[in-house]
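So the structure is just underneath, and the comments pick up after that.
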Amino acid sequence: MESIPQKTPFYNKHVALGAKIVPFAGFLMPIQYSGIMDEHLAVRNAVGVFDVTHMGEFIVTGSAAEKFLNKITVNDVSALEIGQVQYSAMCYPDGGIVDDLLVYRFADHYMMVVNASNIEKDFDWAQQNLIEGVNLKNISGDTALLAIQGPKSCDVLQKLTDVVLKDIPFYHFTEGSLAGFDMIISRTGYTGEKGFELYHDPSKGAELWDKIFAAGREFGIQPIGLGARDTLRLEMKYCLYGNDIDKTTNPLEAGLGWITKLQKDDFNGKAELLRIKEAGLRRKLIAFEMIDRAIPRHGYPIIVGEEEVGIVTSGTQSPSLNTGIGLGYLASEHTKPGTEILINIRGRKLKARVVKPPFVPPHTI
């Protein structure tokens, strides 16, 4: 029997704004309001607000918290300063990806932020890997999360707080008051634009939403759905779990070698990842642009000559470029930028070329 989808604290706001609502990762979430193209460009050019309360948050405490996180994640947690955020991933012993995530370092604890569809799986995996001196708590149900993204995001939020937002470096955070509520103000996001993510008490959510939109009215603020969230992240080549990465892919072939610290002490998957690196990657996750007019989609075969050499993991019509773009795994010998490939779109073999990502320059700094 399927469980009834949950509603975030902003559900009534989404409905009142005419959002198209669908079940997603156990929640009723807005896919779009005015339309994906319009919402996407609003974030690129002004400012947009995303309800991302469906994401998961775990608190890690105890004397061995750092040691534990270094065991279950691929990045080097010991490099984190207080107030810093780290992008990382968890791997199985065979190098397959459990999930990608963020690690926040506070003065006396850590917070893991995981993908919405993986909360239960990730928490179970973390519990299976617990060591003495660590306590783990799932606070996902007690945490609401809004992402305010776009070149005007700082202007909007600065009206609501005494915290000097421009002084928070990218991938850092602070604890402070905004709109009269205590929260975590994080300089992070999934769009490639300047922005912040606000972790707060769910009971304050509706009032916070209203205050942010009132502050943002002069800047053309808009609510943004999951549809535009996907096109924005794809233009950056940010991986989506379940599409571009999963238990059948490893961080090295997914282009996440930069977060995989193979020189640190033993961690889940290290031995296999070292073996994979030594043997050489058989395939890589690449970015491509369509040459022919067409929109690539997840699951479409990628062809070189007459041979199927890969598969599209993510694809869309880029609102910024007005052309079809996508990601996909290709045999390593076909991954050089400029290589022409064919995308099999419903039986039609249409031309595309491998490009160096991102598709659109990021403006996070």
How many residues does region 65-82 hold that are in a loop (DSSP other than H, G, I, E, B) and surrounded by 16 or more Cβ atoms within 10 Å (Cβ to Cβ)? 5
Selected residue [among the small types (Gly, Ala, Ser), buried (at least 21 other Cβ atoms within 10 Å of the Cβ), over 30 Å from His40 (Cα atoms) and more than 21 Å from the chain's Cα centre (by Cα)] from Gly269, Gly305: Gly269
Which residues, counting only those in region 274-302, are under 30 Å from Thr191 (Cβ atoms) and more than 23 Å from the chain's Cα centre (by Cα)? Leu281, Met290, Ile291, Asp292, Arg293, Ala294, Pro301, Ile302
Those residues of region 159-179 which are in a loop (DSSP other than H, G, I, E, B) and either free of Cβ contacts under 8 Å to residues at least 12 places away in the same chain or under 22 Å from Met111 (Cα atoms) (or both), in sequence order: Val163, Val164, Ile168, Pro169, Phe170, Tyr171
Are any residues in region 232-245 within 12 Å of the chain's Cα centre (by Cα) and not in a loop (DSSP other than H, G, I, E, B), and if so, which ones? Leu232, Arg233, Leu234, Tyr241, Ile245
The correct count of residues that are within 11 Å of Thr313 (Cβ to Cβ) and of a type outside the set (Ser, Thr, Tyr) in region 243-260 is 5
Inter-residue pairs, beta-carbon under 9 Å, first in the same structural domain as Glu289 (by TED's automatic domain parsing) and in region 347-361, second loosely packed, with under 14 Cβ neighbours inside 10 Å and assigned to a strand (DSSP E or B), 6+ apart: Lys351/Glu340; Ala352/Glu340; Arg353/Glu340; Val354/Glu340
Return the only residue of Leu321, Leu327 being assigned by TED's automatic domain parsing to the domain that holds Val355 and either assigned to a strand (DSSP E or B) or modelled with pLDDT under 95 (or both). Leu327
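The values are calculated or read from the model by the stated rules, or taken from the named source; none is laboratory data. All figures in this text were calculated on a predicted structure; none of them were measured in a lab. Virtual Cβ from ideal backbone geometry, glycine too; neighbours counted across all protein chains shown.
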